[in-house]
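For reference, the structure discussed in these notes is given below.
The values are calculated or read from the model by the stated rules, or taken from the named source; none is laboratory data. Since the structure is predicted, the reported quantities are computational estimates derived from the model, not experimental observations. No Cβ is skipped: glycine too gets one built from the backbone with ideal geometry, and neighbour counts run over all protein chains shown. We work out accessible area using only protein heavy atoms, side chains counted, and drop any ligands, DNA or RNA first. Shrake-Rupley method; radii C 1.70, N 1.55, O 1.52, S 1.80 Å.
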Amino acid sequence: ESQDDVWGLNLGCSGVIHVLLEPLPFSARSLHLKSLAECMDSQKTGVLASVFRVEGEFKATIGSHLLLLEDGSVVEDIKNPTLSAALTEDCLAALRSRNTRVNEYRFTEGVVSALIEVIRPPLLLMIIGAGADSVPLARFAKELGWTVTVADHRPAFISRERFPQADALILARPEEITDKLTIKENTLVVIMTHDFSHDLQLLRSILPSSAQYVGILGPAKRTDLLLEKVREAGFTPTAKQLARLHGPIGLNIGAESPEEMALSILSEIQAFVNGRSGGFLRDSSGPIHGGL
C-alpha cells in the first residue's frame, strides 16, 4: 500500500521506525524477564540483546536473549558460545555508552541481527527545598516517569497538597539530609533552598556522597563562594566530586518562571544522563535516538 493509504493525509516525519514484537512466555524460558524486573527493583542498569533475524546455517534461535547486568553477570539462553561472546562484548560497550542500537553479526555459516537495548530503571530525582519553584519540577519529573523525593525542614511545605505525585516527602533539616535520605550512585540531587547557609551545609554533606549529579540554583559567583566556604570548613572536594556539581543548574534557554526553570533543569539532567551536550539538534550530525 502507499504511504498515504497507511498513514493518511501525508502524516509522518520521513523517518524510519523499527518495531520488534516479542511473545512474553510465563515459563522457565523467560528468565530474562525476571532479570529485567530485578534491574528495575534494584535500580541497576542492564543491557538486553534480543536476536530477531537469523539467515543461513548459523545455529541461533530467533527470540533468544542475553542480558548483561551492571555488575557484569550474564543471563542468557543463546546456546551458541560464538554468538554469546559477540553479544556480551557489544552489551558491555552499550553499558558504557548508554546507547541502544541494532547490530549485525556475520559468520561463515550465516548472519544474525540483534537489538542491543539499554534497560534503565526510572531516574531517581531528589529535590531539596520545597519552595514554589520545586512544585513544577516535581510534577514535570513525575510526568517523565522519574522517581521523585522532595525534602524540606518546614512541615507546611512538605504536604500532599503541594506535591500530590511525589513518591516520598521527607521532613529534614539540611544537617539531617544524609541521615534521613539514601543517596545512591544513580541519585540526581537538585538543591533549591534559596538559603546560603543551608546550601553550604548541603554541599558539605552531599558532595562526598555517591550522587551521580548535584545541581544547585544561583549564579556562578554564588556557587564559587559556597565552594570557598566549604573548603574553609575543612573539606576540599575532589575533581571527580566537582565534575558532578552543576551550578548554575539548567540549560541556557532564558528560563524565568518556575515552570520554565523546571524545563531548563530537567532538560539539563536528561542531557547529562544520556551523555549529550543539550545543543540544537540541527547542529548535530549524529543520530537523534541513541545509536539507531
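With a 1.4 Å probe and all protein chains left in place, how much of the accessible area of the stretch 77-222 comes from carbon and sulfur atoms, in whole percent? Ligands and nucleic acids excluded, carbon and sulfur reach 53 percent. Derived value for the stretch 97-241: Kirkwood hydrodynamic radius 17.2 Å. Basis is the mean of 1/r over every pair of different alpha-carbon atoms. Rounded to the nearest 10 degrees, the inclination of helix 258-273 to the longest alpha-carbon principal axis of the chain is 50 degrees. What pairs in Lys79/Lys184; Lys142/Lys184; Lys44/Lys142 have C-alpha atoms more than 31 Å from each other? As for pairs spanning more than 31 Å Cα to Cα, those are Lys79/Lys184. Sorted largest first, the principal axis extents computed over the alpha-carbon atoms of the stretch 42-151 equal 63, 23, 20 Å. Computed with a 1.4 Å probe over protein heavy atoms only, the accessible area of Lys44 comes to about 80 Å².
Taking each pair of different alpha-carbon atoms in the stretch 94-181 once, compute 1/r for the pair, average those values, and report the inverse of that mean as the Kirkwood hydrodynamic radius in Å to one decimal.
Working: mean 1/r = 0.0634 Å⁻¹.
It is 15.8 Å.
The mean sequence distance of close C-alpha pairs (under 8 Å, at least 6 residues apart), as a share of the length of the chain, puts its relative contact order at 13 percent.
Taking the helices alone, the chain has a mean residue ellipticity at 222 nm of -9500 deg cm²/dmol, built from -39,500 (n - 2.57) per DSSP H run of at least 4 residues and averaged over all its residues. In the chain, taking the dipole from charged Cβ atoms about the Cα centre, the farthest positive-side position among Ala86, Leu66, Gly275 is held by Gly275. Contact order, relative form, for the stretch 180-247: 38 percent (alpha carbon pairs under 8 Å, 6 or more residues apart, mean separation divided by residue count).
For a test of the definition: using alpha carbon positions, the gyration tensor, and the 1.5 limit on a/c, classify the stretch 208-280 as rounded, prolate or oblate.
oblate
Helix 196-206 and the longest principal axis of the C-alpha atoms of the chain enclose an angle of approximately 40°.
Using Cα atoms only, what is the angle between the long axis of helix 220-232 and the major principal axis of the chain, expressed in degrees (0 to 90) to the nearest 10? Helix 220-232 and the main axis of the chain meet at about 80 degrees. Surface calculation, 1.4 Å probe, protein heavy atoms: Arg139 sits at approximately 90 Å² accessible. Ordered by solvent-accessible area of protein heavy atoms (1.4 Å probe), largest first, the residues Ser284, Ser64 come out as Ser284, Ser64.
Between Phe235 and Ser210, the modelled label-to-label distance comes to 1.7 nm, taking each label 7 Å out from Cα in the direction of the beta carbon. Distance between the 7 Å Cα→Cβ label points at Glu104 and Leu225: 6.0 nm. Springs between alpha-carbon atoms under 10 Å, Gaussian network over the chain: tell me which of Asn103, Asn274, Asn80 tops the mean-square fluctuations. Checking each option, the largest mean-square fluctuation is seen for Asn80.
Measuring with a 1.4 Å probe in the full set of protein chains, what accessible area per residue, in whole Å², belongs to the chain?
It amounts to 56 Å² per residue over the chain.
By the rule of a C-alpha distance below 17 Å, with chain neighbours fewer than 8 residues away ignored, the aspartates and glutamates paired with Lys59 are Glu76, Asp77, Glu104, Glu109.
A 1.4 Å probe over all protein chains sorts Arg162, Arg96 by accessible area into Arg96, Arg162, starting with the largest.
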